[in-house]
Amino acid sequence: MADLARLIDPSKAVIIVVDVQNDFCRPDGALGKAGAPTADAMAMIPTLARLLDAARATGTKIVWLQTIHEDATDSDPWRGRSLNKSADICRKGTWGIEFTDVAPRDDEPVVIKHRYSGFVNTRLDSVLRTLKAETLIMTGVSTNVCVESTARHGFMLDYHVVFVDDCCAAYSREEHEGALYNMRTHFGTVASADALIDAWRATVPAPVG
Amino acid sequence: MLSLSELVVPSKSAIIVVDVQNDFCEPDGAAGKGGKDTAAAMAMIPRLQRFLDAARAHGTNIIFVQTIHEPATDSDVWVGRRANPEARNCLKGTWGAEFTGVTPQAHEPVVIKHRYSAFVNTRLDSVLRTLKVENLIVLGVATNVCVESTSRHGYMLDYNVVLVPDCCAAYDQAAHDMTVLVHKKYFGTVASSEAVIASWAATHAVASGV
C-alpha cells in the first residue's frame, strides 16, 4: 500500500486513458460489427469513470489517447495489421473515433496517435514531461494491444507503470490475463481501481476541486 | 555516393517545408516584433514558391511542418528557452501560426510540431514511411534552429538529406552560413533550388524520351 501510494502521488502520477473510443468499445463500432466481443470493454467503463472521478478529486492529471487513422499514416505494413481486419477502424472524422461514455475535460490533454503505442511519433512524451510525470497509471483498451504497447514503451522511457486491471479490457480473457502477467513480472505494478482509490483516500490530505 | 538527381528523385523524396509561418517570417510577427531581422525570410519566400510550383509539376512529395504551441507542451524547460519567457510564438489558433506565402494543397500532409526538430514526438516519421521516402529536401526557417534541428535528426534516422540554402533563412547571415557548412561536412548534401529544379527537368526529359 505504501509503495502504491508513493507511485500514484497526485503530483507525480498521470492517468493514461487509452483508446476508449466507439470503434473499440461499442458493439456497433467497427470492431464490434466485425465480430469482436466488446462486452468486457463496455463493462469496464463504469469502473474507469469512478477512477477518473476519484483522480480528479485528488488533482491527479489525466491524459487521453485517441487513435485516428487517415491516409497520411496508412503505410503498407500498417494497413495489413490484425490479419487485414482493421482497415476501417477509427477513420478521421467518423463517429468511431469519439470517446465512449467518458470524455476529457477542457484542461485534460488529448494525444492523437496512429500506431499501437501512444509514444510512437506523437506528442505524448512532451505532454508528460511538461506535467513532470513520473508514473503512468494505465487504463483503457485493449489490454494487450494498445494499453500494453504504450505501457511497455512508457516503461522503457523510464516512467513507473501502474496497470489498473479492472479499468482495462481485451477481446478475450486470455489476452487480458496475458497482458497482466507481463506487466506484473517485467514492467511494473498491477492494481485494481479500488486499491488506487483507497491509497489516495489514505494519503492525500484534502480533495481538490 | 548518390548523385543529386538520385537524391531528389520525386518518387523517393519529400520536401520538408519548415515553419514558414507568420510569427517567424512577417515583420509584425512575434520574431519581428521581438527585434529579429525578418528580411531574409521574406526575401526567400518567392524563391520557395517557385520551388514548390516546380516540385508539384514534377510530382515530388511536399510535407508542411507547422509549429503550434499550447500549454500542454509548454514544459518549464521549453518555456525557458528564451531570455524572455513571456515572448510567445505560434500559439494555437493565432495568425502567427498561419503559413506565410505558401499553402498546403489538400493532399499535402501538415505535421504539427512543438519542438525545434520536426521529428520530436510528432507523426513525421510515420508520414515519411507511408510515402516510402528515402530522401528529405529540407528548407524553411530558421536555418540554424528548426531547419538544422530537423535536418540533423532526419539524417540520424537514416534519410538522405539535401539542404536548399536559398530557400532557407535565418535572422543572422553568419548563423545561416554555418548551418550550410556543417551540413555539407557531416549531414548530407547542399544544393540550390535551381540545381534541383534542373535535375527534375532533366530526369523528366529522359523519362519522356526527349
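The values are calculated or read from the model by the stated rules, or taken from the named source; none is laboratory data. Note that the structure is predicted; figures quoted are calculated from it, not measured. A quick note on method: Cβ atoms are made from the backbone with ideal geometry, for glycine too, and the neighbour counts reach across all protein chains shown.
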query = Under 6 Å by Cβ, and 6 or more places apart or on different chains, what pairs join a residue from the range B:5-29 that is free of Cβ contacts under 8 Å to residues at least 40 places away in the same chain with one that is in a loop (DSSP other than H, G, I, E, B)?
reply = B:Pro27/B:Thr38
ask   = Pairs under 8 Å by beta carbon, first residue surrounded by fewer than 17 Cβ atoms within 10 Å (Cβ to Cβ) in the range A:105-129, partner part of a helix (DSSP H, G or I) and at pLDDT below 95, six or more apart or different chains?
value = A:Arg129/B:Val77
query = Could you list, in sequence order, the residues of the range B:117-146 that are of a type in the set (Val, Ile, Thr), farther than 17 Å from B:Ala55 by Cβ and either surrounded by 24 or more Cβ atoms within 10 Å (Cβ to Cβ) or facing another protein chain (nearest Cβ under 8 Å) (or both)?
reply = B:Val120, B:Thr122, B:Thr130, B:Val141, B:Thr143
query = For the range B:46-75, how many residues meet the condition of being under 13 Å from B:Leu139 (Cβ atoms) and within 14 Å of chain A (Cβ to nearest Cβ)?
reply = 4
request  = Kindly check whether there is at least one residue in the range B:156-165 that is surrounded by fewer than 17 Cβ atoms within 10 Å (Cβ to Cβ), more than 14 Å from every other protein chain (Cβ to nearest Cβ) and either in contact with a helix residue (DSSP H, G or I) (Cβ under 6 Å, 6 or more places away or on another chain) or not aliphatic (A, V, I, L, M) (or both).
outcome  = yes
task = Can you give me the number of residues within the range A:75-110 that are within 14 Å of another protein chain (Cβ to nearest Cβ) and closer than 21 Å to A:Met42 by Cβ?
result = 1
task = Scan the range A:43-74 residue by residue and report those that are more than 14 Å from chain B (Cβ to nearest Cβ) and either small (Gly, Ala, Ser) or surrounded by fewer than 14 Cβ atoms within 10 Å (Cβ to Cβ) (or both).
result = A:Ala43, A:Pro46, A:Ala49, A:Asp53, A:Ala54, A:Ala55, A:Ala57, A:Gly59
key: In the range A:111-138, residue nearest to the chain's Cα centre (by Cα) [restricted to those that are over 20 Å from B:Val127 (Cβ atoms) and more than 9 Å from chain B (Cβ to nearest Cβ)]   = A:Met138
request  = State yes or no: is A:Val120 β-branched (Val, Ile, Thr), under 29 Å from B:Ile63 (Cβ atoms) and in a loop (DSSP other than H, G, I, E, B)?
outcome  = yes
query = Just one of the numbered conditions (1) within 15 Å of B:Glu6 (Cα to Cα); (2) surrounded by 15 or more Cβ atoms within 10 Å (Cβ to Cβ); (3) over 11 Å from the mean Cα position of the chain (by Cα) is not true of B:Ala207; which one?
reply = (2)
note = Filter the range A:20-39 for residues that are part of a helix (DSSP H, G or I) and surrounded by fewer than 20 Cβ atoms within 10 Å (Cβ to Cβ); the one that is modelled with the lowest pLDDT is A:Lys33
request  = Within the range B:99-109, work out how many residues are surrounded by 15 or more Cβ atoms within 10 Å (Cβ to Cβ) and more than 9 Å from chain A (Cβ to nearest Cβ).
outcome  = 6
ask   = Hey, any hits in the range A:97-104 for a residue that's closer than 19 Å to B:Val110 by Cα and part of a strand (DSSP E or B)?
value = no
ask   = Of the residues that sit in the range A:150-172 and are among the small types (Gly, Ala, Ser) and buried (at least 20 other Cβ atoms within 10 Å of the Cβ), which one is modelled with the lowest pLDDT?
value = A:Gly154
request  = Could you tell me whether the range B:17-27 includes any residue that is out of contact with any strand residue (DSSP E or B) (no Cβ under 7 Å at 6 or more places or on another chain), aromatic (Phe, Trp, Tyr) and either more than 14 Å from every other protein chain (Cβ to nearest Cβ) or surrounded by fewer than 19 Cβ atoms within 10 Å (Cβ to Cβ) (or both)?
outcome  = no
ask   = Looking only at residues in the range B:181-201 that are of a type in the set (A, V, I, L, M) and at pLDDT 95 or above, which one is surrounded by the most Cβ atoms within 10 Å (Cβ to Cβ)?
value = B:Val196
ask   = Restricting attention to the range B:79-94, does a residue exist that is of a type in the set (Asp, Glu), more than 29 Å from A:Asp107 (Cβ to Cβ) and either without any contact (Cβ under 8 Å) to a residue 24 or more places away in the chain or within 14 Å of chain A (Cβ to nearest Cβ) (or both)?
value = no
